[in-house]
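Participant: Next up is a structure, given as structure tokens.
The values are calculated or read from the model by the stated rules, or taken from the named source; none is laboratory data. Bear in mind that the values here come from a model prediction, so they are computed numbers and not experimental data. Backbone-built Cβ (ideal geometry, glycine too); neighbour counts: all protein chains shown. These area figures cover heavy atoms from the full protein model, side chains too; ligands, DNA and RNA do not enter into them. Shrake-Rupley method; radii C 1.70, N 1.55, O 1.52, S 1.80 Å.
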Amino acid sequence: MKDREQEMDWPKENLGISDVDLRNVFKYEPKATRVVRLESANKELIVRLLETDGDWEEWADEELPAPDSGESGLVLILARRTGEQRTRALREQSAFYEKGLSKSERSMSFPIEVGGTPNAEKGLQPGLSGRRSARTLPFSLETFKLISKRLCLHGSIARVISRSDVPVFSRAELLMGLPGASAYPAYVYNCRSTNAWDMDLALTVTHFPHSGLSYAMLFGCPISIEEEVIKRLSSAGEAASYPLLLPGIFAELERNRHIKIVEDYMDDIEEKIFELDARPSVTQQMHSPDNDRRNRDKRSQWLDTAYLRNGLITWSEQLAKMTRHTDELKGTLFRPVRKHNTQFENDEYEYSNLARKQRFDRREKAGGNREKDWREEVDEGYWDEDEIHKSEMRKLGGKVNDRLHSIIEEYEEKIRECTMRIDGMAMATQWSQGDTNVDIALATGRDSRHMRTISIVTMVFLPGTFFASVFSMQFFNWLPADDGTIVSHYLWIYVLITVLATLLTLGTWYYFVVWRPRSRKEVSEDEIPLVA
């Protein structure tokens, strides 16, 4: 079995990020980084800002819950994209809030840390970092090594981040745990958006179902994305312990990015299509210095749009995998244990304590022991805390599934729009080429008429030119002395040489232009085998 495991590179149990990947895959530029902690129990969102190695060690030792602590919720590190700087207002608010506080007291809540909400109408705004890779981390190598161990990050994230041009959603059921401690069953999720466009992201999540605790890290985070993620998590509530909460938020972020990209590309390619309608004449195109550049821009836009469509199709397939996993969670991890619970299980129906009390009241009126029946129901766990939690998780899974299907439908619509623009540009190009061919044919016709005129003029003057040349030769003596001859008796030499040269010229032309190609064509036809 060990040999078989080594034959395929599938995710392995309790596998952290190797030292080789820590050195070769990731780059490090230490700077301040946000850490989000959301507890399901009290629904409190806590945001910390850590910068030095000492800050990270203190946070990991004093505030980071362990997988066996019994705490639920999530811990998310927002690895800021290098080159990003906090806005002036955000820096002033953070400085004002942190002023006079000790290091252990700097536990910032959401409204104070964020100081506002992102502008949803403008979409994702490019940061100062340009096209920096998501693999550049805002802390030192030693700090990331500590984080990867204490947050139980699986080593597969290194490979996912390395595949920067391919969008990915993957999930695996593994045993994960702290080094030297017990390992627990966990779901490991990895998400990656393509870096073909600005602001690509990567996400890794390790979720422990036995406690409902999730460790996560979002790579390549611009400040606008940080604020949007914190805003979404502030209203998560019980969903903090749902495994696909963060992958679902990742899907929303990628949707926002793709929508803006598609709209920009559609505007650009439509502009190129309209340029084909307002094309210059053939003569102007031949003499225009910008003609090659325009043609190159049109080809590039067509290829970019086709690449965008393929990227949307690939990411839509990853979202479909996510929806299938929500159904899998509903039928496995959050499946009701007691069969008689299923008769009341409905995504839109909540079996409340009031309804249960009314049922026991009816039993008491019928002669039953109300208190005994109530106690037996509680002992049996008919609606115990675990079953209620599973019911809530199934409802959340249904909401996530519905939203993912809505996003997939949006992607399908955008894919159709890209296809329509690509086909439209191809059709407009064909029409433009057809019009150009018509112009060329008309120009050729005009040239033919001009050549015919020239030929007629040539034929008019050719006889006179010919006889003038002949009679000006030395074979004719128009002013002979005495009774000398007018025509030389050597005239036959001129006639003979002229006839031979004419025949040689016509024969050479006929051989190379007519007879030789015809012979080759007949030989090639004879060599074609007959199909029975």
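Participant: Residue-wise, which Karplus ³J(HN,Hα) couplings in Hz belong to the stretch 404-415, taking 6.51 cos²θ - 1.76 cosθ + 1.60, θ = phi - 60°, and x for glycine or proline?
Facilitator: For the stretch 404-415, the Karplus curve yields 5, 5, 5, 5, 4, 5, 4, 5, 4, 5, 5, 5 Hz.
Participant: While we're looking at this one, here's another question. Which of rounded, prolate or oblate describes the stretch 152-203 when judged by the alpha-carbon gyration tensor and an a/c cut-off of 1.5?
Facilitator: It comes out prolate by the Cα gyration axes.
Participant: Applying the Karplus parametrisation 6.51 cos²θ - 1.76 cosθ + 1.60 with θ = phi - 60° to the phi angles of the stretch 303-314, what ³J(HN,Hα) value in whole Hz is obtained for each residue in order, glycine and proline being reported as x?
Facilitator: So the J values, rounded to whole Hz, are 5, 5, 5, 5, 5, 4, 4, 4, x, 5, 5, 5.
Participant: Further question: When the Karplus curve 6.51 cos²θ - 1.76 cosθ + 1.60 is applied with θ = phi - 60°, which whole-Hz ³J(HN,Hα) does each residue of the stretch 157-162 get, with x for Gly and Pro?
Facilitator: My calculation for the stretch 157-162 gives 5, 5, 5, 5, 5, 5 Hz in order.
Participant: Using only protein heavy atoms and a 1.4 Å probe, report how much of residue 227 is accessible, in Å² to the nearest 10.
Facilitator: Here the residue's solvent-accessible area equals roughly 30 Å².
Participant: Taking amide H positions as placed 1.01 Å from N in the peptide plane, with prolines and chain starts having none, which residues 5 or more places from residue 166, or on another chain, fall under 5 Å of its amide H?
Facilitator: The list, which skips near neighbours in sequence, is 195.
Participant: Sort largest first and round to whole Å: the equivalent ellipsoid semi-axes of the stretch 407-475, each the square root of five times a Cα gyration tensor eigenvalue.
Facilitator: Each semi-axis is the square root of five times an eigenvalue, giving 64, 10, 4 Å.
Participant: Can you check what the net charge comes to around residue 328, using other residues whose Cβ is under 13 Å from the Cβ of residue 328 (Lys, Arg +1; Asp, Glu -1)?
Facilitator: That sum, taken over residues with Cβ under 13 Å, equals +4.
Participant: Quick one: order 144, 471 from most to least accessible surface, probe 1.4 Å.
Facilitator: Descending order: 471, 144.
Participant: Under a 1.4 angstrom probe, counting protein chains only, how are 255, 394, 232 ranked by accessible area, largest first?
Facilitator: My answer, sorted largest first, is 232, 255, 394.
Participant: Here is a follow-up. Amide H of residue 27 versus every other amide H placed in the peptide plane: which residues, excluding those fewer than 5 positions away on the same chain, fall under 5 Å?
Facilitator: Under 5 Å from the amide H of residue 27 lie the amide H atoms of 136, 137, each far enough along the sequence or on another chain.
Participant: With a point put 7 Å past each Cα toward its Cβ, work out how far residue 53 is from residue 437 in nm, to one decimal.
Facilitator: For the pair residue 53/residue 437, the computed spacing is 7.1 nm.
Participant: Compute the distance from the alpha-carbon center of the stretch 49-65 to that of the stretch 290-312, in whole Å.
Facilitator: What the calculation gives is 48 Å, centre to centre.
Participant: Further question: Report the label-to-label distance for residue 423 and residue 520 in nanometres (one decimal), using points 7 Å from each Cα along the Cα→Cβ vector.
Facilitator: 4.2 nm
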